[in-house]
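Heads up, the thing below is written out as structure tokens.
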Amino acid sequence: MNYSRTRNHPSPRQGDGRSSDPGASKALVALVDTLSSHSRGEALSRGMDAANDDDRAAATLDVELVEAELTDGTQISLDANVIDLVLDSYLDDRGRLVPVPVQKAAVPVNGLSDDDAKRLARTRQINDMRSRAWADNTLRAYGSGVRAWRSWCADENVPALPLDPVHVVNHILDLVFVRNGADYLKDDEGNYVTSVVASTVEIRLSALNKLAEFVGLPRPGDNLGVLEVIRGLRRTLGTAPTKRRAALDFALLTRCLEATTGATFAGARLRAAVLLRARTGASVGQLAGLEWADVELSSEVAVISLPPRRKGGQVQRVEVRKHRNKRLCLIEALSQLRRIAPELGPVICRRDGTELSRQAVHLSLSEVCRPAGGFGALARANDRVLASVLESAPTPTALETARDRALLLTGFYTARRRSELEALNWRDLIDHGRDGWEVKIRRSKTDQTGQGHTNWLPQEDEDNPLLCPARAMREYRRLLAKTIGREPSHAEPVFVPLTSGGAVRRARGDRLKRLTADAISDVVTRRAAAAGLVSPAGSGGFGGHSLRAGFVTEALRDGKLSIPEVQEVTGHKSADILLGYSREVNAAKRNGSRRLMEAVRDSRKPT
């Protein structure tokens, strides 16, 4: 097969806005051919008759007209086996769409002359370099789109190659809209039900365009009819970003860091519930009905106003003094829970602040209270029994705690993407003592050529190890070396996965495995949930990108850093995205409506 890799770039013709290139001319010819069997009068007559008597014929004519306009007249017919062979050649075993046919193995070829052997070696090297022209993630995204296209073509019994614009448009419509039999589903207001956002459509079309480029076929995205459909879909779906990851600003990050020390929401809630039962004798119903408004805390005493045990009963007011053992102190337990509580409503509540039922409270306490003889016996338990009850609750290992704290602080202060955190090796980190850690980012989403970027993990001058990224990294490295019995090598990853028992997962040759980007996102999600954080409505929740977004949000809020200073850390090539962040985070205090209100107020003041 000798596919031409030449792309035709349409040049609009004056007056009609259509392309004057040969492909578009053939599309017009196809349109004329469709109508050639009808004289002008016959076509008009048939259209009028169809409107009144034969809707099916009119619909058929509509389909013919649309498909003729989309078809560029240059489509070739390929055997199904050839199509499979071509697609298999451009999809590698890692799921990527690659720019050259996959070489199964660079086996030596005997009997070649020196010149031919040199040409073969150069050809293989050229193909290898062409395969490296795109980022792996980009090629994987293209590969995913091509596999979805191939599957759709098989279901529709149409050829996947060449990329017929009619089939491409139908594929995209089926991607966007929900099928309801032969038609598309509508909601109660008559609007079509959609299943993806506009960016998904553009990614899918980009994948098919890239397949056409690699194979040497016309790009479907250069077809004017396809472009009009895409513009219509953009207007239908809207292009505003949806479900952006919620930002972990400094206050929320601090709560996550507290969660790494055992100050998890679930753990703090359990400890408070156990001590409330032990120190006040509160029933399950009283624990479920207790509100923060009923709790008065001071450094020496807690005054608890327990709700009545039954309807018409009396409020039970209980005073509990400070305990010398902080672990067994109700004042400490309630203070810790209040600091990370999502809302100041029910004391014993879910992570989103909603109340727990009596049954849920009882279930959460029944298992942990077993060493004390059950929930009923907990009210008579002594300090030794209470200590055993609280110690029986599961806690993270020291290495997991140190790793997660170092990960959260590194992700925040370097504002790096999760893939860049995944790629960090120990050779990329240099400890400069009181000046903090130098972090070398060797390659990033916007730096595919490996120019490199330097970030810093500063050392907190105040004695606050919880919030100090430099100390957190040192402590993590110390515990990692202690756990594996040696110092990690320069080529080994910084962040590593752990087993449920706290052991480090290893690859062949005793090398440390790498914590994946998805696992990094899971750490952030889990720690945010443990801290009782609830993501804002309409966001995509907390994940790996929340740390980068949190740095930008905190830096631009009230102008703590200038946009160039933020760019220096984040590596943003354009300031446009950061300007959008700045407007968003400062909108409540810096908006035209507020400024007008303040100006009107100032104008009314007596001079």
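Tabulated results
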{"quantity": "Neighbours by Cβ (under 6 Å, 6+ apart or cross-chain): first from the range 552-567, over 11 Å from Leu578 (Cα atoms); second open to solvent by 50 Å² or more (accessible area, probe 1.4 Å)", "calculated": "Glu554/Phe250"}
{"quantity": "Cβ-Cβ under 9 Å pairs, at least 6 apart or on other chains, the range 147-163 side under 20 Å from Glu213 (Cα atoms), far side charged (D, E, K, R) and assigned to a loop (DSSP other than H, G, I, E, B)", "calculated": "Leu163/Arg219"}
{"quantity": "Residue check for Asp602: under 23 Å from the mean Cα position of the chain (by Cα), open to solvent by 70 Å² or more (accessible area, probe 1.4 Å) and over 28 Å from Ala406 (Cβ atoms)", "calculated": "no"}
{"quantity": "Qualifying position, being open to solvent by 80 Å² or more (accessible area, probe 1.4 Å) and over 29 Å from Asn223 (Cα atoms), among Arg132, Arg122, Arg179, Arg140", "calculated": "Arg122"}
{"quantity": "Some residue of the range 573-585 being under 22 Å from Arg418 (Cβ atoms), crowded, with 17+ Cβ neighbours inside 10 Å and modelled with pLDDT of 85 or more", "calculated": "no"}
{"quantity": "Verdict on Leu344 being outside any strand (DSSP E or B), in contact with a helix residue (DSSP H, G or I) (Cβ under 8 Å, 6 or more places away or on another chain) and not β-branched (Val, Ile, Thr)", "calculated": "yes"}
{"quantity": "Qualifying residue in the range 480-494 (condition: part of a helix (DSSP H, G or I) and buried (at least 19 other Cβ atoms within 10 Å of the Cβ))", "calculated": "yes"}
{"quantity": "Complete set of residues in the range 449-466 that are within 29 Å of the chain's Cα centre (by Cα) and either at pLDDT below 90 or open to solvent by 50 Å² or more (accessible area, probe 1.4 Å) (or both)", "calculated": "Thr449, Gly450, Gln451, Gly452, His453, Thr454, Trp456, Pro458, Leu466"}
{"quantity": "Hits in the range 523-540 - residues which are modelled with pLDDT of 80 or more and touching a Ser or Thr at 6+ places or on another chain (Cβ under 9 Å)", "calculated": "Val524, Thr525, Arg527, Ala528"}
{"quantity": "Checking Pro564 against (1) over 20 Å from Ala246 (Cβ atoms); (2) modelled with pLDDT under 85, the condition it does not meet", "calculated": "(2)"}
{"quantity": "Any pair with Cβ under 9 angstrom, 6 or more apart, that starts in the range 128-144 at a residue that is closer than 16 Å to Pro101 by Cα and ends at one that is part of a helix (DSSP H, G or I) and open to solvent by 60 Å² or more (accessible area, probe 1.4 Å)", "calculated": "Tyr142/Ile203"}
{"quantity": "Residue match in the range 157-172 (condition: exposed (fewer than 12 other Cβ atoms within 10 Å of the Cβ), of a type outside the set (A, V, I, L, M, F, W, C) and modelled with pLDDT of 90 or more)", "calculated": "yes"}
{"quantity": "Test result for Ala333, at pLDDT 90 or above, of a type outside the set (Lys, Arg), open to solvent by 30 Å² or more (accessible area, probe 1.4 Å) and not in a strand (DSSP E or B)", "calculated": "no"}
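The values are calculated or read from the model by the stated rules, or taken from the named source; none is laboratory data. Nothing here was measured: the structure is a model prediction, and the numbers come from that model. Cβ atoms come from the backbone with ideal geometry, glycine included; neighbour counts cover every protein chain shown. SASA here: full protein model, heavy atoms, side chains in, ligands and nucleic acids out. Shrake-Rupley method; radii C 1.70, N 1.55, O 1.52, S 1.80 Å.
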